[in-house]
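Chemist: So that we are looking at the same thing, I have put the structure below in structure tokens.
The values are calculated or read from the model by the stated rules, or taken from the named source; none is laboratory data. Worth saying up front: this structure is predicted, and the values here are computed from it rather than measured. For neighbour counting, all protein chains shown are included, and Cβ atoms are generated from backbone atoms with ideal geometry for every residue, glycine included. Heads up: the accessible areas ignore ligands, DNA and RNA and are worked out on the full protein's heavy atoms, side chains in. Shrake-Rupley method; radii C 1.70, N 1.55, O 1.52, S 1.80 Å.
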Amino acid sequence: MAVTRHNLPVTETRLIGRTRELAEVERVVADVAAGAPEILVISGEPGIGKTRLLAELAGRAAARRYAVLTGRGTELELAAPFAALVEALDGFLRSLGPRHLDDLAQRLPHLAGVFPAVSERSDDEGGGAAERYLHHRAIRTLLEELAAKRPLVLILDDVHWSDPATAEAIAHLVRRPPAAPVLLALAYRTSAEPGILAVALQDAARERHVSRLSLRTLTSRQAADLLAPAPASDRSRIFGESGGNPFYIEQLVRTTAEPGVTEPVGTGDGGPIQTPVGVVASIAQELRQLSADAGRMLEGAAVAGEPFDPELAAEAAGIPPDHALDLLDEVVARGFVRAEPVPRVFRFRHPIVRRAVYDSIGPGRRIASHRRAAEALGQRGAAPATVAHHLALCARPGDDGAITVLGQAAAKVASSAPVSAAHWLSVALSLLPAGEHGRRLALLTPLAQAQAATGSLAEARQTLIQITDELPPGTGLAWSQAVASLASVELALGRDSGVRRRLEAALETLSGPSPVAVPLLVALAMDAAFQGEFERGEQACVKAVAAAHDDPGLSSLAESVLALLIELQGAPRIAESASHVTRAAKEFERLADDQVAAQLDLPWQLGLAEFHLERYEASAGHLQRGIAVAQASSNSQYLAETRAFLAYDLYFLGRLPEAQAVAAEAVEAGRLMRVAAFAAWTLVVAAMSWSLTDARQALRFGEEALTMVSEIEDSMVPDTTHGHMGLVCAAAGEHERCIAHMQLAGAPDFKRFGEAGRRSMWIEALVRSTLALGRRDEAREWAARGEEVSAGLGLPVAEAASQRGRALVLLADGEAEAAAELAQLAAAAALSRGARIEAAASRIVVARALAATGQVTQAVVELRAVRAEMEQCGARWIAQEAARELRGLGAAAPAPVSRRSGDTGTTQLSVREREIALLVAQGNSNPQIARALYLSPKTVEGHMRRIFRKLGVTSRAQVAAQVAGTAD
Ligand SMILES: Nc1ncnc2c1ncn2[C@@H]1O[C@H](COP(=O)(O)OP(=O)(O)O)[C@@H](O)[C@H]1O
Ligand SMILES: [Mg+2]
């Protein structure tokens with residue numbers, strides 16, 4: 001990897017001013033060598049010198065022999081997915097050679113969805129058919145590998161013109177910078193940064209230093225050099241007109257201005273910034289001085305792309321090849337375009353110039369140029385996505401070939417860049433002649449999915465309405481599923497009233513009960529659940545069960561939702577609810593994978609009902625199957641929700657490293673979905689998954705969730721978020737805060753969030769927090785309330801929480817014997833459902849109570865066991881709590897190994913290695929670990945080698961022993 005490639009314009013002029021900025025550039029360049037990732041953000045108006053400063057950065061980094069890679073956003077190609085990253089990395093990847101590329105395609109298959117260099121070497125056409133965050137993670141890993149030998153600088157310029165896929169990928173890198181010496185340098189127009197990136201940068205700035213430089217205009221003294229070529233009499237006018245903007249000065253110096261000749265240009269997506277009239281006039285004047293043919297060549301270049309291939313530019317302009325190179329020389333000599341360091345690649349002097357040239361092309365000629373470009377690319381066998389950009393700008397209604405290519409391009413990027421896919425599908429639809437139902441549906445269906453996947457719910461709703469119109473009633477399940485999808489989008493949009501009417505109207509069109517009705521009835525039930533009308537929902541589900549007849553998939557779905565709606569009605573009917581869930585699970589297990597694939601909401605609904613009924617193992621198993629089937633069928637529709645509940649199951653089951661791995665994925669997918677309620681729920685589960693190992697991280701997830709739901713009013717969504725935040729605060733020892741959040745969640749009644757299991761756990765946290773604050777009377781009241789809520793519920797884990805609450809109060813009141821007995825019951829009840837974390841929390845109370853009655857030996861035995869088990873689960877804090885209690889009893893509780901000798905035991909492992917060591921200790925094989933942590937088996941093997949080396953062991957059993965032996 002000996003290549004240093006930076007394709008920023010080579011400028012010979014002296015850099016003026018920018019002393020402070022250069023010092024900062026120098027600092028980050030030096031710091032990244034120390035091994036830490038760095039983020040540098042440069043902002044300022046167009047022409048102010050962002051690209052110039054980046055070129056300085058590139059030069060300095062190259063002088064230190066760093067690898068430097070550069071890509072840019074461009075104004076006219078916003079639908080080209082991952083454009084800036086492809087520009088920065090694709091050529092470089094190709095330079096690595098076919099063997100290296102084959103290896104990358106094998107190890108990081110998701111790179112194929114991003115980089116043509118990799119997808120060309122990959123047999124897996126579906127490299128693009130993955131969830132978006134997997135592409136982001138693959139890019140991150142790639143950067144880590146590229147920076148392994150020497151620091152890497154990744155420069156992304158004009159980020160305000162990023163296509164959404166690039167913006168999401170950058171946001172990912174900003175939130176989770178590569179664990180390697182990588183400097184990510186971004187430049188964008190003031191106040192035009194993509195929203196998703198702005199949020200990510202804000203979050204990142206809380207974690208680490210983000211260096212921000214905002215460039216100002218030059219003073220008249222600083223501008224003197226740039227003004228020098230102009231006649232002395234013009235200089236002060238030029239400076240005044242330029243406002244001290246170096247690009248404007250350079251432009252105005254090039255010509256004698258004729259202000260007022262043309263309109264301002266270059267507003268594009270770059271925000272409200274307008275290029276001054278005088279500057280536009282000056283560019284226009286320069287263009288008039290070109291020969292007519294050279295002018296056409298330049299127009300072809302503006303159409304071809306940025307950077308452009310001169311051959312394509314000539315073809316777009318309709319110029320014969322033998323004449324093209326002379327014309328290219330002319331436009332280069334005039335300074336309109338420059339050669340890049342890479343052969344046959346050229347770029348405009350500045351994006352403003354390109355925009356001015358493009359805007360000067362008459363609309364008819366522009367269409368013709370794009371058509372010629374599309375044809376030329378088609379003849380060269382270019383990828384559909386490359387051709388699609390031109391087709392979208394030139395195709396005529398009814399152009400069959402264009403519709404096909406646009407559809408292909410959309411399919412290719414549907415999962416990695418849904419916004420681009422949606423754009424191309426919309427264009428294809430607009431070209432489609434009336435009446436072609438089949439083709440229209442084939443375009444509308446992926447369009448609705450792409451829109452929903454990026455949180456464009458209002459658009460998705462419109463598309464689904466079109467789909468339901470295209471599919472007349474009587475089309476069977478496809479129709480009722482589309483109507484149900486429409487209802488769920490409308491629910492997410494908060495248009496409740498319309499949902500019910502629409503579903504009821506759809507049901508009326510059906511004659512008698514039939515399986516077709518099931519999706520409609522289930523949607524009706526979900527709507528009712530959202531309104532808190534559980535009985536109405538139950539009635540709909542009962543009808544759904546009847547309508548499902550002997551269709552096992554539909555009847556499993558109906559039974560699952562029925563179980564949930566009964567469970568939500570509380571105490572006396574849990575057993576009834578459980579019997580429905582049992583039936584649903586049985587039906588589900590009889591389904592073949594392709595039947596599950598046809599109905600991916602089913603594993604989620606079933607898993608959800610099982611979770612609420614505290615069947616964590618079964619729930620986890622069914623959700624895992626749902627994920628596997630979804631991945632195999634490249635359908636990510638319900639994955640974020642499915643993962644969130646899986647993580648929650650794993651948390652209860654005490655499989656914390658796995659819970660964290662799954663929750664982290666759910667969070668990434670959830671954020672990309674951009675629907676506040678979904679994203680908040682994934683964050684809540686992540687907060688829980690981290691609450692026993694890393695309070696700061698857990699609180700951060702919780703806080704992000706709260707920000708997301710802050711605008712949602714009168715709904716259970718903010719209540720749930722506050723309730724879980726309360727739990728996280730209690731675990732973090734922030735008791736006042738716990739109580740405050742519980743109040744915001746609706747304490748003492750928690751009316752809007754009726755689910756009894758959650759309620760009992762929140763109330764138990766209130767017992768703990770009030771006790772910790774010495775407010776024993778309140779604690780007593782909460783304990784009583786908890787018992788009331790969970791009495792007769794038939795949910796052992798929820799009841800156990802209330803028993804533990806009571807036991808804590810008893811212990812505080814000096815009734816240790818009764819406390820021990822009750823806590824013992826609680827621990828056993830929790831264990832009966834495999835809820836190891838809940839059980840351990842109760843066992844610590846048991847031990848404290850035993851100690852208080854003088855049974856110190858038993859207490860010590862109990863605490864040692866809890867500690868060892870929680871170490872194994874990765875529940876560090878409960879283990880630590882047990883250790884503290886042990887020390888309090890004067891029993892041997894060795895201090896953490898790290899504090900004892902500094903570098904023995906598992907403390908010298910990296911976080912990732914520890915995670916893996918924990919999974920080894922739980923008896924997982926390498927492939928299992930790879931699946932759990934979403935790593936490649938090869939990566940896990942590499943980690944294992946390092947773990948063996950660091951621990952000085954040779955077997956997995958020894959790793960397990962060391963993990964178990966590590967205190968705190
Ligand atoms: N500090 C500077 N000293 C000398 N020339 C500069 C300076 N800043 C910008 N320029 C020149 O002004 C022009 C516009 O700068 P550029 O970096 O392309 O602006 P931006 O990227 O912010 O739009 C370029 O020709 C550049 O060389
Ligand atoms: Mg620039």
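Chemist: Helix 132-146: angle to the longest alpha-carbon principal axis of the chain, degrees 0 to 90, nearest 10?
Modeler: Its long axis makes an angle of about 70 degrees.
Chemist: Ranked highest first by average number of other Cβ atoms within 10 Å, how do 245-255, 414-424 line up?
Modeler: With the highest mean Cβ count within 10 Å placed first, the list reads 414-424, 245-255.
Chemist: Put +1 on the Cβ of each Lys and Arg and -1 on the Cβ of each Asp and Glu in the chain; which of 219, 61, 130 then has its Cα farthest toward the positive end of the dipole?
Modeler: 61
Chemist: Here is a follow-up. Between residue 628 and residue 542, what FRET efficiency comes out of the Förster formula 1/(1 + (r/R0)^6) with R0 = 35 Å and r the beta carbon distance, rounded to 0.05?
Modeler: Here the calculated transfer efficiency is 0.65.
Chemist: For a quick protection proxy, order the peptides 799-805, 160-166, 864-870 by their average other-Cβ count within 10 Å, most packed first.
Modeler: 799-805, 160-166, 864-870
Chemist: Oh, and also: Normalised by the number of residues in the stretch 19-214, what is the relative contact order in percent for Cα pairs under 8 Å and 6+ residues apart?
Modeler: Across the stretch 19-214, relative contact order equals 34 percent.
Chemist: Express in nm, to one decimal, how much length is gained between residue 365 and residue 637 on full extension, taking 0.36 nm for each residue of separation and deducting their alpha carbon distance.
Modeler: 93.7 nm
Chemist: Continuing with the same structure: What's the magnitude of the charge dipole for the chain around its Cα centre, counting Lys and Arg as +1 and Asp and Glu as -1 at the beta-carbon? Answer in Debye, nearest 20.
Modeler: So the dipole magnitude of the chain works out to roughly 2760 debye.
Chemist: Stokes-Einstein diffusion coefficient for the stretch 638-734 at 20 °C in a medium of 1.002 mPa s, Rh from the Kirkwood formula over Cα pairs: what value in µm²/s?
Modeler: 168
Chemist: Among the Cys residues of the chain, which have no other cysteine Cβ under 4.7 angstrom away?
Modeler: Cysteines lacking a close Cβ partner in the chain: 394, 541, 873.
Chemist: Taking only C-alpha pairs under 8 Å that are 6+ residues apart, what is the relative contact order of the chain in percent?
Modeler: 6
Chemist: What is the antiparallel percent of DSSP beta bridges lying wholly in the chain, to the nearest 5?
Modeler: Approximately 15 percent, going by the DSSP bridge assignments.
Chemist: Based only on Cα atoms, what Rg/Rh ratio does the stretch 164-210 have, Rh being taken as Kirkwood's radius?
Modeler: Using only Cα positions, Rg/Rh for the stretch 164-210 is 0.94.
Chemist: Follow-up question, since we're still on this one. If I take R0 = 60 Å and measure r between the Cβ atoms of residue 325 and residue 945 in this structure, what FRET efficiency does the formula 1/(1 + (r/R0)^6) give, to the nearest 0.05?
Modeler: Calculated value: 0.65.
Chemist: I would also like to ask the following. Work out, in µm²/s and without decimals, the Stokes-Einstein translational diffusion coefficient of the chain at 25 °C, 0.890 mPa s, Rh from Kirkwood over C-alpha pairs.
Modeler: Stokes-Einstein gives a translational diffusion coefficient of 79 µm²/s.
Chemist: Can you work out ³J(HN,Hα) from phi for every residue in the stretch 397-402, in order, using Karplus 6.51 cos²θ - 1.76 cosθ + 1.60 and θ = phi - 60°, giving whole Hz and x for Gly and Pro?
Modeler: x, x, 6, 4, x, 5
Chemist: Still on this model: Any chance you could look up the accessible area of residue 508 with a 1.4 Å probe, heavy atoms only, rounded to 10 Å²?
Modeler: Residue 508 has an accessible surface of roughly 150 Å² with all protein chains in place.
Chemist: Work out Dmax and Rg for the stretch 777-901 from the C-alpha atoms and quote the Rg first, both in angstrom.
Modeler: That works out to 14.8, 52 Å for Rg and Dmax.
Chemist: Can you give the Kirkwood hydrodynamic radius for the stretch 19-214, in Å, rounded to one decimal and based on Cα pairs?
Modeler: Final number for the Kirkwood radius of the stretch 19-214 is 16.7 Å.
Chemist: How much length, in nm to one decimal, is gained on full extension between residue 23 and residue 375, taken as 0.36 nm per residue of separation minus their Cα-Cα distance?
Modeler: Gain in length upon complete extension: 121.8 nm.
Chemist: If you take the charge dipole of the stretch 116-198 about its Cα centre, with +1 on Lys and Arg Cβ and -1 on Asp and Glu Cβ, which of 196, 184, 161 is farthest toward its positive end?
Modeler: 184
Chemist: Quick check: Cα centre of the stretch 165-207 to Cα centre of the stretch 228-248, how many Å?
Modeler: A separation of 36 Å, based on Cα centres.
Chemist: Which order do peptides 664-677, 908-921 fall in by mean Cβ count within 10 Å, highest first?
Modeler: 664-677, 908-921
Chemist: Any idea what angle helix 457-470 forms with the longest principal axis of the chain, computed on alpha-carbon atoms, 0 to 90 degrees, nearest 10?
Modeler: The angle comes out near 90 degrees.
Chemist: Just the number, please: Stokes-Einstein D of the stretch 344-444 in µm²/s, Kirkwood Rh from C-alpha pairs, 25 °C, 0.890 mPa s.
Modeler: Calculated translational D: 168 µm²/s.
Chemist: As a test of the formula, what do you get for the chain when each DSSP H run with n ≥ 4 contributes -39,500 (n - 2.57) and the sum is divided by the residue count, at 222 nm and rounded to the nearest 500 deg cm²/dmol?
Modeler: Mean residue ellipticity, 222 nm, calculated: -21000 deg cm²/dmol.
Chemist: Let me ask another. So which lysines pass the test for residue 586, namely a Cα distance under 25 Å, with those fewer than 8 places away in the same chain ruled out?
Modeler: 543
Chemist: Moving on. Dipole of the chain (Lys/Arg Cβ +1, Asp/Glu Cβ -1, origin at the Cα centre): which of 151, 765, 507 lies farthest to the positive side?
Modeler: Going by the Cα projections, it comes out as 151.
Chemist: Which angle between 0 and 90 degrees, to the nearest 10, do you get for helix 574-590 versus the longest principal axis of the chain when only C-alpha atoms count?
Modeler: The angle comes out near 50 degrees.
Chemist: Cα to Cα, under 19 Å, and not fewer than 8 places away if on the same chain: which lysines meet these conditions relative to residue 950?
Modeler: Straight-line reach from residue 950, under 19 Å: 938.
Chemist: With only Lys, Arg, Asp and Glu charged, each at its Cβ (+1 for the first two, -1 for the last two), find how big the charge dipole of the stretch 349-457 is about the Cα centre; round to the nearest 20 debye.
Modeler: 420
Chemist: Quick one: accessible area per residue over the chain, 1.4 Å probe, rounded to a whole number of Å²?
Modeler: Heavy-atom SASA per residue in the chain reads 39 Å².
Chemist: Right, here's the next one. Quantify, in whole percent, the carbon and sulfur part of the accessible surface of the chain (1.4 Å probe; protein heavy atoms only).
Modeler: Using a 1.4 Å probe with all protein chains present, the chain comes out at 53 percent carbon and sulfur.
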